[in-house]
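Note sheet for the following structure.
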Amino acid sequence: MTISKKIFNAQVMESNSHLFRCPICASGMVMEDKSRLVCADNHSFDLSKNGYVNLAPQAHVTKYDKSLFEARKTVMSSGFFNQVLEFITHKVREHIEGREQAFILDAGCGEGTHLSAILSQLPSKTTGIGIDLAKEGITAAAKEYPGSIWSVADLANCPFQESQFDVILNILSPANYAEFTRLLKPNGMFVKAVPESGYLKELRAVFYDDEERTDDTDPVARFAQHYDAVTTERITYVFPLSSGLLAPLIRMTPLTWGASEEKIEEALGMDIQNITIDFTVISGVKRVE
Ligand SMILES: C[S@@+](CC[C@H](N)C(=O)[O-])C[C@H]1O[C@@H](n2cnc3c(N)ncnc32)[C@H](O)[C@@H]1O
Ligand SMILES: [Zn+2]
């Protein structure tokens, strides 16, 4: 007998309901009738038909829409990000090795492809939890990757209890160090992937006049203020771009937001055969005070 995605996702949520914390009043939550999460103060959050739960108290309109997430999925599924994901998976596997059970939160997971790819390489007793403020991303994730917990939620007000997570991933998304520290188990690991100056430089050359990306913030220094055993790894490679990938690549990146139709047409007409991936992956463990 096959069960629906909603029921499958609801079962995973129910057996891990101890993780949840009401985003309104911060009390614990339980699953009722495999269809809603309810807190001790009776705040109630229905599961969607695909089995995600919206735990963001206010509706958020983001620029990350359905077509952007479809484009991200197409590009990510092409192997574009594989070397970065392989590195992250290796770090996570090493960290959770020998544990009976492990919980991995992807904060700002988008449409869930990264979390799903990482989980597929980890022991089956690993539970993945993906949150994002963009409902379109979480809808796609719950539909495409049932068996994890998917929630529309604000990473600045995470609807989870303290000290529950073995690992928090934060890939190309904003961080909230206070929240992540609260959520990690003692010695839990935080892994953040940040773009470097070469990332998508072939596209940047079209959309911006300067080739070099300038960014004043120093994510490693910020990271080291909060975590111990900090390591950094720069991962740079050139990915061969098959002809069908240029359009979704242009569509998926915030780099092109605000660009004129003319510029987009110009980029679509270009013969870009290779695209540069350039990331630093920073990891560290929660400081034990
Ligand atoms: C560039 S996308 C990266 C998505 C995904 N990690 C990936 O690499 O494909 C940034 C994501 O951060 C999410 N985001 C931004 N602010 C957020 C917040 N406060 N809480 C949760 N998600 C947030 C956006 O909705 C978006 O999906
Ligand atoms: Zn409540």
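The values are calculated or read from the model by the stated rules, or taken from the named source; none is laboratory data. Keep in mind that this is a model prediction, so the values were computed, not measured. So basically every Cβ, Gly included, is an ideal-geometry build from the backbone, and we count neighbours across all protein chains shown. In case anyone asks, the SASA skips ligands and DNA or RNA and just uses the protein heavy atoms, side chains included. Shrake-Rupley method; radii C 1.70, N 1.55, O 1.52, S 1.80 Å.
Checking the structure you have, find out if any residue of the range 144-154 is within 15 Å of ligand 1 (Cβ to nearest atom), touching a Phe, Trp or Tyr at 6+ places or on another chain (Cβ under 9 Å) and open to solvent by 20 Å² or more (accessible area, probe 1.4 Å). Steps first, answer last, please.
Just the residues of the range 144-154 that are within 15 Å of ligand 1 (Cβ to nearest atom), to begin with: 144-145, 148-154.
Those left that are additionally touching a Phe, Trp or Tyr at 6+ places or on another chain (Cβ under 9 Å): 149-153.
Retained after the next criterion (residues that are open to solvent by 20 Å² or more (accessible area, probe 1.4 Å)): none.
Checking the range 144-154: not a single residue is within 15 Å of ligand 1 (Cβ to nearest atom), touching a Phe, Trp or Tyr at 6+ places or on another chain (Cβ under 9 Å) and open to solvent by 20 Å² or more (accessible area, probe 1.4 Å).
Right, Glu179: at pLDDT below 95 and part of a helix (DSSP H, G or I) or not?
Details: at pLDDT below 95: no; part of a helix (DSSP H, G or I): yes.
Criteria not met by Glu179.
Hey, does the range 41-53 have a residue that's within 16 Å of ligand 1 (Cβ to nearest atom), crowded, with 22+ Cβ neighbours inside 10 Å, at pLDDT 95 or above and under 30 Å from Asp228 (Cβ atoms)?
no
Output the number of the condition that Glu179 fails; it satisfies all remaining conditions of (1) surrounded by fewer than 22 Cβ atoms within 10 Å (Cβ to Cβ); (2) within 8 Å of ligand 1 (Cβ to nearest atom).
Condition not satisfied by Glu179: (2).
List every residue pair whose Cβ atoms lie under 8 Å apart, where the two residues are 6 or more positions apart in sequence or sit on different chains, the first residue falls within the range 80-103 and is in a strand (DSSP E or B), and the second residue, located anywhere, is within 16 Å of ligand 1 (Cβ to nearest atom).
Cβ pairs passing all conditions: Ala102/Val167; Phe103/Ile129; Phe103/Phe165; Phe103/Val167.
For every residue, the table says whether it meets (1) more than 16 Å from ligand 1 (Cβ to nearest atom); (2) surrounded by 15 or more Cβ atoms within 10 Å (Cβ to Cβ); (3) part of a loop (DSSP other than H, G, I, E, B); (4) modelled with pLDDT of 95 or more.
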residue	(1), (2), (3), (4)
Val12	yes, yes, no, yes
Gln58	no, no, yes, no
Val61	no, no, yes, no
Arg72	no, yes, no, no
